[in-house]
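Participant: Supplied in structure tokens, the structure appears directly below.
The values are calculated or read from the model by the stated rules, or taken from the named source; none is laboratory data. In this text, all values refer to a predicted model and were calculated from it rather than measured experimentally. In this analysis, Cβ positions are derived from the backbone assuming ideal geometry, glycine residues included, and neighbour counts consider all displayed protein chains. Remember, those area values only see protein heavy atoms, side chains included, never the ligands or the DNA or RNA. Shrake-Rupley method; radii C 1.70, N 1.55, O 1.52, S 1.80 Å.
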Amino acid sequence: MTVYNDILSAKAKQKNLLAILIDPDKFDVNLISQLADNINNSIITHIFVGGSTVEVEATQRLVSALKPLTHLPIVLFPGDVTQISKEANAILFLSLISGRNPKYLIEKQIEAVSLLKNTNLEVIPTGYILIENGKETAVQKVTNTLPIPTALQQLVADTAKAGELLGKKLIYLEAGSGALHPVPTHLISLVKQELTIPLIVGGGIRNKQQLEEAYQAGADLVVIGTAFEHNDSFFNDLKK
Ligand code: 1GP
């Protein structure tokens, strides 16, 4: 459990972790060298790969191209079982515990087992919690689930704790890619108080200030995708 153990030890040392999320469907593999340079020269610690809808094989192509260009762990954050690539280091084995759709609570996970058996991927059980952000996001549409309203704070906290008690190794608090608003900091803090396992926060974080606020509220690892896609100079703000 190298990737997970490294997250745990970073948490113990209160070292903030940052993942870039690359959506294989949105990214042109021909630009991979430039992207890898930008990543390697930044404070980014993890590379997440995944998307809500991704063309079959696109994940494999991206991971194969990226792997020789970086020493950072490549972690699959799959929207579907077609997004499993042997060459990644680890996979977030997600269960959408904010939703009530059996497909994303257990059915997709069962479907993934025969595929995972043919890999050496480190499998990290992750409770995935979708929070409302002001607009409908792709994950909401694809999974046909409702996000938890931000006003239902206790429900968010109890959902996260239930995830931990069920044996999840990570909780991922998600506003959704391209969210209008990130997960509110008071919700991050509330969830953090409940958990002993590391907390991932993502969705709608577009600048360094929001990143710092998420860390201060208690995020152990922050995930950013859209801000890197839309604004190349964002890497400059995050140089080593
Ligand atoms: C989505 O949390 C990630 O799953 C990243 O979201 O694209 O809004 O940064 P953004």
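Participant: Return a whole-number percent for the relative contact order of the stretch 27-109, with Cα pairs under 8 Å and 6 or more residues apart as the contact set.
Facilitator: RCO, the stretch 27-109: 26 percent.
Participant: Greater than 19 Å separation of Cα atoms is the criterion. Which listed pairs, Lys15/Lys239; Lys67/Lys117; Lys15/Lys192, meet it?
Facilitator: Beyond 19 Å between Cα atoms: Lys67/Lys117.
Participant: Is the shape of the chain best called rounded, prolate or oblate, per the rule: a/c under 1.5 gives rounded, else a/b larger than b/c gives prolate, else oblate, with a ≥ b ≥ c the square roots of the Cα gyration tensor eigenvalues?
Facilitator: Since a/c stays below 1.5, the shape of the chain is classed as rounded.
Participant: So for Arg100, Arg61, what's the accessible-area order with a 1.4 Å probe, most first?
Facilitator: The most accessible residue leads, giving Arg100, Arg61.
Participant: Going Cα to Cα from Lys13, which aspartates and glutamates come in below 13 Å? Please leave out same-chain ones fewer than 8 positions away.
Facilitator: Excluding near neighbours in sequence, the set is Asp220.
Participant: Subtracting the Cα-Cα distance from 0.36 nm times the residue separation, let me have the gained length for His71 to Thr53 in nm, one decimal. Spell out each step's value before the answer.
Facilitator: Details: separation 18, 0.36 × 18 = 6.48 nm, distance 2.69 nm.
This chain segment gains 3.8 nm when fully extended.
Participant: Right, something else. Hey, with R₀ at 41 Å, roughly what FRET efficiency would Ile106 and Ala12 work out to, going by the Cβ-Cβ distance, to 0.05?
Facilitator: It comes to 0.85.
Participant: How much accessible surface does His181 have with a 1.4 Å probe, in Å² rounded to 10?
Facilitator: Probe radius 1.4 Å; accessible area of His181 about 110 Å².
Participant: Once the stretch 1-113 is represented by equal point scatterers at the alpha-carbon sites, with solvent omitted, what log10 I(q)/I(0) does the Debye formula produce at q = 0.13, 0.23 Å⁻¹?
Facilitator: Cα-only, vacuum Debye calculation for the stretch 1-113: -0.53, -1.31.
Participant: Using mean Cβ contacts within 10 Å as the protection proxy, how do 109-115, 133-139 order, highest first?
Facilitator: Peptide ranking by packing, descending: 133-139, 109-115.
Participant: Another question, if that's okay. How far apart, in nm, are the 7 Å Cα→Cβ label points at Thr2 and His186?
Facilitator: For Thr2 paired with His186, the spin-label model returns 4.3 nm.
Participant: Give the peptides 86-99, 146-159 in descending order of average Cβ contacts within 10 Å, highest first.
Facilitator: Highest to lowest by the protection proxy: 86-99, 146-159.
Participant: Follow-up. If the label point is 7 Å along Cα→Cβ of Val113, which residues in the stretch 150-172 have backbone nitrogen under 20 Å from it?
Facilitator: So the set is 166-169.
Participant: Here's something else I'd like to know. In nm, to one decimal, how far is the Asn41 label point from the Asn236 one, both placed 7 Å along Cα→Cβ?
Facilitator: Label-label distance for Asn41 and Asn236, simple model: 1.1 nm.
Participant: Any idea what the dipole of the chain comes to, in debye rounded to 20, about its Cα centre with Lys/Arg Cβ at +1 and Asp/Glu Cβ at -1? Walk me through the numbers before you get to the answer.
Facilitator: On the way: 21 positive and 24 negative charges, 92 e Å.
That gives the chain a dipole magnitude of about 440 debye.
Participant: Can you return the lysines within cross-link range of Lys135? Criterion is Cα-Cα under 21 Å, with same-chain partners fewer than 8 residues away left out.
Facilitator: In chain and number order, the partners are Lys26.
Participant: Applying 1/(1 + (r/R0)^6) with R0 = 51 Å to the Cβ-Cβ distance of Asn30 and Gln216, what FRET efficiency is obtained, to the nearest 0.05? Walk me through the intermediate numbers first.
Facilitator: Numbers: r = 38 Å, r/R0 = 0.75.
Here the calculated transfer efficiency is 0.85.
Participant: Still on this structure, please answer the following. In the stretch 196-240, which GluC sites (Glu not before Pro) fall in coil by DSSP and have 16 or fewer other Cβ atoms within 10 Å?
Facilitator: In loop regions of the stretch 196-240 (DSSP not H, G, I, E or B), there are no sparsely surrounded GluC sites (Glu not before Pro).
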